[in-house]
Amino acid sequence: MNLLAVRGLGKSFGGVKAVDGIDFDLKAGELLALIGPNGAGKSTTFNMVNGQLCADRGSILLEGRELVGLQPRAIWRLGVGRTFQIAETFSSLTVVENVQMALISNARRVFSFFRPAASLERARAMDLLDAVGMSAQADRACSALAYSDIKRVELAIALANTPRLLLMDEPTAGMAPKERNDLMALTRKLVVERHIAVLFTEHSMDVVFAHADRMIVLARGRLIAQGRPADIRRNPQVQQVYFGTGSTFALDAAAPAAGITT
């Protein structure tokens with residue numbers, strides 16, 4: 001059974017159809033990459049699933065529950081986590097405090113002078129930090145971390161509401177090649193262990209082809225291809241969009257050299 005089912009999804013801005021009637025599914029335990037050239041509609045699609053934009057038409061079902069029309073907070077509480085292209089953490093707080101704040105919010109707990117926040121959810125926060133390899137740095141300020149470690153903390157924060165679906169917006173942006181692959185390998189491990197689904201956008205084609213189970217490709221708001229990486233690599237229409245040719249030259253090999261982004 002599909003965890004996420006998107007049908008006829010559309011969004012217009014004035015006379016421009018940013019997303020034009022797209023369909024796709026996502027199963028638990030699967031990493032699905034959403035790619036396309038600039039202006040393809042990736043961010044608009046992503047933000048509609050997250051509730052930051054409301055779809056003009058179509059349906060987004062999470063295990064049969066309609067998400068269209070819900071606010072991001074409500075969607076988060078239904079089990080949809082998210083990471084951002086630019087990592088969002090409280091730099092003045094420690095690593096563990098950042099995760100604690102997410103857990104406290106998820107549990108709708110409050111604190112007072114008699115029950116300070118520092119004592120709440122610390123054990124669970126440490127478990128999440130251990131899952132992302134950051135428990136040894138739990139008491140460091142986030143402002144002192146390397147960027148790749150901040151991305152791991154953000155991942156721990158995203159796991160605080162025990163998501164069934166995790167949305168990752170350009171998860172490896174600004175990272176070195178080894179760091180990119182380490183983060184996505186960690187994500188794969190968490191997907192398997194926790195049986196969650198991941199929908200991610202990514203500009204690095206080497207990351208996409210190495211780690212995605214399936215890919216969906218947008219161009220000018222329309223879905224032009226979907227399938228496993230090997231199928232997408234050989235798809236003439238995808239080649240046309242990226243290179244202006246029907247050549248079947250390997251997309252994942254050419255992308256880094258060509259400077260292609262999505």
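The values are calculated or read from the model by the stated rules, or taken from the named source; none is laboratory data. Please read these numbers as outputs of a predicted model, since none were measured by experiment. Reconstructed Cβ throughout: ideal geometry from the backbone, glycine too, with neighbour counts over all protein chains shown.
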Quiz prompt | Candidates T172, T187, filtered to the one that is touching a Lys or Arg at 6+ places or on another chain (Cβ under 6 Å), assigned by TED's automatic domain parsing to the domain that holds S43 and more than 18 Å from V96 (Cβ to Cβ) | solution = T172
Quiz item: Here are L223, L155, L145: which of them is buried (at least 20 other Cβ atoms within 10 Å of the Cβ) and not assigned by TED's automatic domain parsing to the domain that holds G36?
Solution: L155
Practice problem: Answer yes if at least one residue in region 40-50 is in contact (Cβ under 8 Å) with a residue 40 or more places away in the chain and either exposed (fewer than 15 other Cβ atoms within 10 Å of the Cβ) or not in a helix (DSSP H, G or I) (or both), and no otherwise. | Solution: yes
Quiz item: Counting only residues that are under 22 Å from the mean Cα position of the chain (by Cα) and farther than 22 Å from R180 by Cα, which one in region 118-142 is surrounded by the fewest Cβ atoms within 10 Å (Cβ to Cβ)?
Solution: D127
Quiz item: Any idea which of A158, A173, A87, A74 is within 27 Å of L26 (Cβ to Cβ), within 13 Å of the chain's Cα centre (by Cα) and at pLDDT 90 or above?
Solution: A158
